[in-house]
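First comes the structure, then the notes that go with it.
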Amino acid sequence: MNRMRLVLLPLVILATALAVTWALWSHERQAARHELLTQFNFSLGDAVSRIEQRMGTYELLLRGVQSLFAASGAVDREAFRDYVDTLNLDANFSGIQAIGIVAWVPATQKAAHVASMQQRGLPGYAIQPEGARENYAPIIQREPFIGANRAMPGFDSWADPVRRRAMEQARDTGMATISGKVRLSVDTDPNANPGFIMYMPVYARGKAPENADERRARLVGWVYASFRMHDVIASLYGEDPPGLAIALYDGVETSPEALLYKTSGAPAQHVPTDLAATEYLVVCGHDWMLKLTARDGFKARFGRDAATLIAIIGTGLSILLAVLTRLLMTGRSRAMRLASSMTQELRENEEKFRAIADCTVNWEIWWSPEGKPRWINSAVEQYIGYTVDECMAMKDFACTVIYPGDVAHVAPAFRGAQYGSRGDNLEFRCVRKDGSLMWLSASWVPITDSRGEFIGFRTSGRDITERKIADERIKELAFYDALTGLPNRTLLLDNLKEAIAGSARHGTSGALLFIDLDHFKTLNDTLGHDKGDLLLQEVAKRLAASIPEGDTVARVGGDEFVVVVGNLHPDNAEAARQTERLGERILEVLGDPYRLGDIDYRSTASIGATVFKGLQASTDDLMKQADLAMYKSKERGRNAVRLFDPEMQTFVLERAALEAELREAIETGQLVLHYQMQIDGDRITGAEALVRWRHPERGLVYPADFIPVAEETGLIAGLGNWVLHAACMQLARWAARPDTEHLTIAVNVSVQQLHKPDFVANVLATLEQTGARPDRLKLELTESVLVDNVQEIIEKMEALKARGIVFALDDFGIGYSSLSYLKRLPLDQLKIDRSFVRDVLVDPNDAVIARTIVALAHSLGLGVIAEGVETEEQRAFLAAAGCYAYQGYLFCRPVPVETFEATLRGLEAPECLVG
């Protein structure tokens, strides 16, 4: 009997211990599998979140481009290209292949549209594919203008049913929409990755359309961004998502025709087959299906293999326990020795179990039902800086480490966990030991004993601080100025709309102040852009401290700031006085000295302001009014505040009308050249070409009435090119006649023309097209061209002079010339300004200046000519001083070419001869 007991009891104990080992092994396998599944589900949610956030960022980008059109009404090709370049797509908006513009062209406007595009510098432009259709939607510009994006525009998106459905939806809803799977129009490789396009409609300026019919009626086009799904996924995960296989389908069916993207590589061989899931996404009104499958690397990265260790250790312990029982039954002394050895082994095994739990990179905590931590893994020190012992010693661990501002957010979920609920992805902030904050994403599951009774819960957290920082950075890029930290134009317009709505709601007034720093360009040019940036940052700080709390300060341009204030007096007059006082206070604050590095600097500002109440004016109107008032402030001498006056708007409208008429005049041939003789001794050597505008209603308009407008609006370059071409055509006609072949024509060249990169090529092309002799063409430059980039001007002059073209310096003596410039410039002639010639007989100073200019020209080997000669006495004085070339009313007024040629032939020409 005793012998049987010595055999049976150890076997029973062995069987029991093995059963316990199996139970622990099974539980650990389930726990490891559950953790792997939880991590997979998190990866699925993270993939969906990344895609949705990235598409949201793309939509914000397109809304910014849409706002560019809404703000200006029309954007030329160069302005659109500059805007896209400032976005820095590669750094801030990875995955975008191109940003572009699609025009809405009804069939009746097709020919005019094609002609307009060809006139804009695209001679080969045509709408593709060819064929007659009811409407067209051609791509007219793609940016950035690199690589495949250099392909000729003109692709008709409306002809593609997939694109057309997305464009129709965007047009009718006014929202961003995404197309189905398409082949991008710039892709010529038959194996190119599939793409898709996001469209945003652009409507004609005015009141926002309220329904689909109005939107269709006011549609002018779309702005779009094109993508290859491969590039989008690569920008989110890199070329190979870690341990995951991703497939994206267009729509809700898994067919090869709908496949947008699929991860390359071999399928998984050693992961459970249920680690695969499908998620349906609705992005900008379009359905996508995401299939996520774990690959072998996923289990290696997130799985744990403690079950094997438990089985080995448990089996060993079971055998040891059976042997121990046997030994106990055979002898007490031996049992005591074995018990001591066994205790030591158990402690070592306990440490091994703890080491296994500590291996996970997540922050793991086991909680009691009362909310007290029972066990914390060592990762806590990497997360918040506290050791495990410090955490366990805390009186209230949760309230100590959770950021006080997030306790109310976390408390409901924590209470639910205490009652056995489970949850995922609870995001909140924790306070590190050094006082800094970190973001944590926590999941929790209940823990039960062998009887299924709730005995606590386990939380698993991971650090998401970097993702949160990236999200905030995206928001800052979209709504805040990177240099000053102030709101940008997008956020300013939102705040201005709120201020207008608040004014209408409460019956109060508000004001918008447009602030422009005086002479900021001079600071950049003399002290450098780094000092300019320091000044902008200091100005931003002073402005933010000068306005009431709750109002807005924004930076909208290089040295331009806007202030929006509300809660002003309901009476318009009193609100205007309040606004003026605020503007004066801002001027005083901005006028204090600045410390820019190691120098002191003083600056002033010009402020334009407008007062609003309720919904009487739109945001665009208020911005224009304040901007106009600001320019009036600059005209008054700067460092002043000027309130908007309706008369300013009248002046602007008149200038705008004149600009439009002048643009039409250049395009429709309303300009004409008059010629004023140039005399050398008693011989007619040539003429100066002077432009006149033959206005259909106002008659002959002189340059003083339209040249300033042309210079301000940039039309001077086109006008100057017309004058140059017309003068060269006349030179070619005179060269064909023996009596006029010796004549030269002087043409004035503007600063804007001369600084154009293609100026030299344009002049040479004009000479070649017209057949004019280069040595008969004299280009007259004003001294203002010597202010900037003198070396560039010299190089252009030398290139043209090498072809025989003659140069004269016009209005000499009243500008910026210096002797060093005169020595370096390849000039042929100086022209004495009429202001010195007019009073040369009555003002000793003018007489000395005229003699000095003549002497200077002779010393430099240059010719000299005097303009504005009106009397014989003036001519005699100039001849005595050594100047024998003249131009003025004494000889001939500026006259049409027919009158000029009649004078040359000795015929009577009363319009030309004076006296």
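Quick one: which strands (runs of 3 or more DSSP E) lie wholly within the range 592-690 and hold at least 3 residues that are outside the structural domain of Val562 (by TED's automatic domain parsing), in contact with a Leu (Cβ under 8 Å, 6 or more places away or on another chain) and closer than 30 Å to Phe900 by Cα?
Working: elements: 594-596, 599-601, 605-613, 641-643, 671-680.
Ranges flagged: 671-680.
Among the residues in the range 502-512, are any part of a loop (DSSP other than H, G, I, E, B), farther than 30 Å from Val65 by Cβ and in contact with a Gly (Cβ under 9 Å, 6 or more places away or on another chain)?
Taking the range 502-512 first, the residues part of a loop (DSSP other than H, G, I, E, B) are 507-508.
Still in the running and farther than 30 Å from Val65 by Cβ: 507-508.
Of the ones still in play, those that are also in contact with a Gly (Cβ under 9 Å, 6 or more places away or on another chain) are 507-508.
Yes, the range 502-512 has at least one match.
List every residue pair whose Cβ atoms sit under 8 Å apart, with the two residues 6 or more apart in sequence or on different chains, where the first one lies in the range 153-171 and is free of Cβ contacts under 8 Å to residues at least 24 places away in the same chain and the second, anywhere, is β-branched (Val, Ile, Thr).
Asp160/Val182; Val162/Val182
Go through the range 750-776 and give me each residue that's closer than 17 Å to Ala726 by Cβ, not aliphatic (A, V, I, L, M) and not in a helix (DSSP H, G or I).
Ser750, Gly771, Arg773
Out of the range 867-880, which residues are on the phi < 0 side of the Ramachandran plot and either touching an Asp or Glu at 6+ places or on another chain (Cβ under 9 Å) or surrounded by fewer than 21 Cβ atoms within 10 Å (Cβ to Cβ) (or both)? I'd like the intermediate steps shown before the answer.
Filtering the range 867-880 down to residues on the phi < 0 side of the Ramachandran plot leaves 867, 869-880.
Across the range 867-880, the qualifying residues are Glu867, Glu870, Thr871, Glu872, Glu873, Arg875, Ala876, Phe877, Ala879, Ala880.
What do you reckon, is Gly583 small (Gly, Ala, Ser), surrounded by 13 or more Cβ atoms within 10 Å (Cβ to Cβ) and in contact with a Phe, Trp or Tyr (Cβ under 8 Å, 6 or more places away or on another chain)?
On the way: small (Gly, Ala, Ser): yes; surrounded by 13 or more Cβ atoms within 10 Å (Cβ to Cβ): yes; in contact with a Phe, Trp or Tyr (Cβ under 8 Å, 6 or more places away or on another chain): no.
Criteria not met by Gly583.
Can you find, within the range 729-743, the residue that is surrounded by the most Cβ atoms within 10 Å (Cβ to Cβ) among those that are more than 50 Å from the chain's Cα centre (by Cα) and outside any loop (DSSP other than H, G, I, E, B)? If you could, list the steps in order and put the result at the bottom.
The initial filter retains those residues of the range 729-743 that are more than 50 Å from the chain's Cα centre (by Cα), namely 733-743.
From what's left, outside any loop (DSSP other than H, G, I, E, B): 733-735.
Details: Arg733: 15, Trp734: 23, Ala735: 16.
Selected residue: Trp734.
If you take the residues of the range 821-842 that are outside any loop (DSSP other than H, G, I, E, B) and among the hydrophobic types (A, V, I, L, M, F, W, C), which of them is nearest to Lys796 (Cα to Cα)? If you could, list the steps in order and put the result at the bottom.
Here is the first cut: in the range 821-842, the ones outside any loop (DSSP other than H, G, I, E, B) are 821-824, 829-832, 834-838.
Remaining after also requiring among the hydrophobic types (A, V, I, L, M, F, W, C): 822, 830, 832, 836-837.
On the way: Leu822: 15, Leu830: 19, Ile832: 24, Phe836: 30, Val837: 31 Å.
Residue satisfying both the conditions and the ranking: Leu822.
Taking into account only those residues within the range 536-572 that are modelled with pLDDT under 90 and among the hydrophobic types (A, V, I, L, M, F, W, C), which is farthest from Gln625 (Cα to Cα)?
Ile547
Per-residue answers, yes or no, for (1) modelled with pLDDT of 85 or more; (2) over 16 Å from Ala103 (Cα atoms); (3) buried (at least 20 other Cβ atoms within 10 Å of the Cβ):
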| position | (1), (2), (3) |
| --- | --- |
| Ala176 | yes, yes, yes |
| Lys181 | yes, yes, no |
| Thr188 | no, yes, no |
| Gly195 | yes, yes, yes |
| Tyr199 | yes, no, yes |
| Gly206 | no, yes, no |
| Arg215 | yes, no, no |
| Trp222 | yes, no, yes |
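Across the range 843-866, which residue is surrounded by the fewest Cβ atoms within 10 Å (Cβ to Cβ) among those that are of a type in the set (Gly, Ala, Ser) and in a helix (DSSP H, G or I)? Reasoning before the result, please.
Initially, the range 843-866 is screened for residues of a type in the set (Gly, Ala, Ser), giving 847, 850, 855, 857, 859, 861, 863, 866.
Now drop any that are not in a helix (DSSP H, G or I), which leaves 847, 850, 855, 857, 859.
On the way: Ala847: 16, Ala850: 25, Ala855: 13, Ala857: 23, Ser859: 8.
Here the residue is Ser859.
Name the single residue, out of those in the range 463-488 being free of Cβ contacts under 8 Å to residues at least 12 places away in the same chain and more than 17 Å from Asp551 (Cβ to Cβ), that is farthest from the chain's Cα centre (by Cα). Before the answer, list the steps.
We begin by selecting, within the range 463-488, every residue free of Cβ contacts under 8 Å to residues at least 12 places away in the same chain; these are 466, 469-470, 472-473, 475-476, 480, 482.
Okay, now just the ones that are also more than 17 Å from Asp551 (Cβ to Cβ), so 466, 469-470, 472-473, 475-476, 482.
On the way: Glu466: 23, Ile469: 20, Ala470: 17, Glu472: 17, Arg473: 14, Lys475: 13, Glu476: 12, Ala482: 11 Å.
For the range 463-488, the residue satisfying everything is Glu466.
What's the number of the only condition in (1) of a type outside the set (A, V, I, L, M); (2) under 17 Å from Thr465 (Cα atoms); (3) in contact with a Lys or Arg (Cβ under 7 Å, 6 or more places away or on another chain); (4) without any contact (Cβ under 8 Å) to a residue 60 or more places away in the chain that Asn362 fails to meet?
If we test Asn362 against (1) of a type outside the set (A, V, I, L, M); (2) under 17 Å from Thr465 (Cα atoms); (3) in contact with a Lys or Arg (Cβ under 7 Å, 6 or more places away or on another chain); (4) without any contact (Cβ under 8 Å) to a residue 60 or more places away in the chain, just (4) comes out false.
Report, ordered by the first and then the second residue, all pairs with beta carbons closer than 7 Å, sequence separation of six or more or different chains, a first member in the range 140-152 that is over 13 Å from Ile96 (Cα atoms) and at pLDDT 85 or above, and a second member that is small (Gly, Ala, Ser) and outside any strand (DSSP E or B).
Met152/Gly124
Looking only at the range 744-773, count how many residues are over 38 Å from the mean Cα position of the chain (by Cα), closer than 27 Å to Asp811 by Cβ and of a type in the set (Gly, Ala, Ser).
So the count comes out to 2.
Looking at this structure, is Leu492 in contact with a helix residue (DSSP H, G or I) (Cβ under 7 Å, 6 or more places away or on another chain) and in the same structural domain as Ile599 (by TED's automatic domain parsing)? Walk me through how you get there before you give the answer.
Working: in contact with a helix residue (DSSP H, G or I) (Cβ under 7 Å, 6 or more places away or on another chain): no; in the same structural domain as Ile599 (by TED's automatic domain parsing): yes.
Considered against the rule, which asks whether it is in contact with a helix residue (DSSP H, G or I) (Cβ under 7 Å, 6 or more places away or on another chain) and in the same structural domain as Ile599 (by TED's automatic domain parsing), Leu492 comes out as no.
If you take the residues of the range 1-41 that are touching a Ser or Thr at 6+ places or on another chain (Cβ under 8 Å) and within 23 Å of Phe298 (Cβ to Cβ), which of them is modelled with the highest pLDDT?
Thr38
Which of the residues belonging to the range 542-587 are among the hydroxyl-bearing types (Ser, Thr, Tyr) and outside any helix (DSSP H, G or I)?
So in the range 542-587, the residues among the hydroxyl-bearing types (Ser, Thr, Tyr) come out as 546, 552, 579.
Answer for the range 542-587, where residues must be among the hydroxyl-bearing types (Ser, Thr, Tyr) and outside any helix (DSSP H, G or I): just Thr552.
The values are calculated or read from the model by the stated rules, or taken from the named source; none is laboratory data. Remember, predicted model here, so these are calculated numbers, not experimental data. When we count neighbours, we look across all protein chains shown, and the Cβ atoms used for this are built from the backbone with ideal geometry, even at glycine.
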